[in-house]
1. Keeping all protein chains in the complex and leaving out DNA, RNA and ligands, what accessible area do you get for residue 6 with a 1.4 Å probe, in Å² to the nearest 10?
2. Between residue 129 and residue 32, what is 0.36 nm times their sequence separation minus the Cα-Cα distance? Round to one decimal in nm.
3. Not counting ligands, DNA or RNA, and with a 1.4 Å probe, what is residue 108's accessible surface area in Å² rounded to the nearest 10?
4. Please compute the modelled spin-label separation between residue 61 and residue 73, points set 7 Å along Cα→Cβ, answer in nm with one decimal.
5. Scan the chain and hand back the longest stretch that contains none of the chymotrypsin sites (Phe, Trp or Tyr not before Pro) lying in DSSP loops with at most 13 other Cβ atoms within 10 Å.
6. Just to make sure I understand: if all protein chains stay in place, what is the order of 32, 42, 140 by accessible area at 1.4 Å, largest first?
7. For the chain, what is the convex hull (Cα atoms) projected area averaged across all directions, in square nanometres?
8. Pop out the carbon and sulfur fraction of the accessible area of the chain as a percent, whole number, probe 1.4 Å.
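The values are calculated or read from the model by the stated rules, or taken from the named source; none is laboratory data. In this text the structure is predicted, and so the values were computed from the model without any measurement. Here the Cβ positions follow ideal geometry from the backbone for every residue, glycine too, while neighbour counts run over all protein chains shown. The accessibility values were calculated without ligands, DNA or RNA, using every heavy atom of the protein model including side chains. Shrake-Rupley method; radii C 1.70, N 1.55, O 1.52, S 1.80 Å.
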Amino acid sequence: MNDRMVRMRFIVSAAIMLLAMVGLGTRLAFLHLGPNDKIRMHATDLRRFEKKLSAGRGEIYDCRGRNNILALNLGVKDVCADPTVILESNSLAEVSSFLSEKLDLPVDQVAIRINKPGKRFAYVRRFVSEENADAVRAGHMSG
């Protein structure tokens, strides 16, 4: 075999490989970017897996077993306020007295925490039991 035949075979093999790669690339681009939204959504659904896990935290016991609980998970909430809404509606005294009654805090302390002009967020009390948080929510106070 002479040098010319080897070069010709190499060129033909390279051209066939190049055509195969271009064909596969075109097909891949058509499948991903093509006009069929149903196929594209199906491919997206195949790649995505969503499952909501609702697992609570466990309790920690001492070394002797389930007699003595060292730590447990308690459901608590934070009571927050929007000072701008409260001050614009001129209901600072009403909201302060309501929250102080429900959260067992002094009225003046609640009023100081809420009376912040220009602020959009203020903690009134943190780590409140769910029952107290539900009582505050049931009051339907503005802000």
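1. My reading of the accessible area for residue 6 is about 80 Å².
2. Length gained between residue 129 and residue 32: 29.8 nm.
3. Using a 1.4 Å probe on the heavy atoms, I get roughly 100 Å².
4. 1.8
5. 50-120
6. Descending order: 140, 42, 32.
7. Seen from a random direction, the Cα hull of the chain projects 23.5 nm² on average.
8. Reported share for carbon and sulfur atoms: 59 percent.
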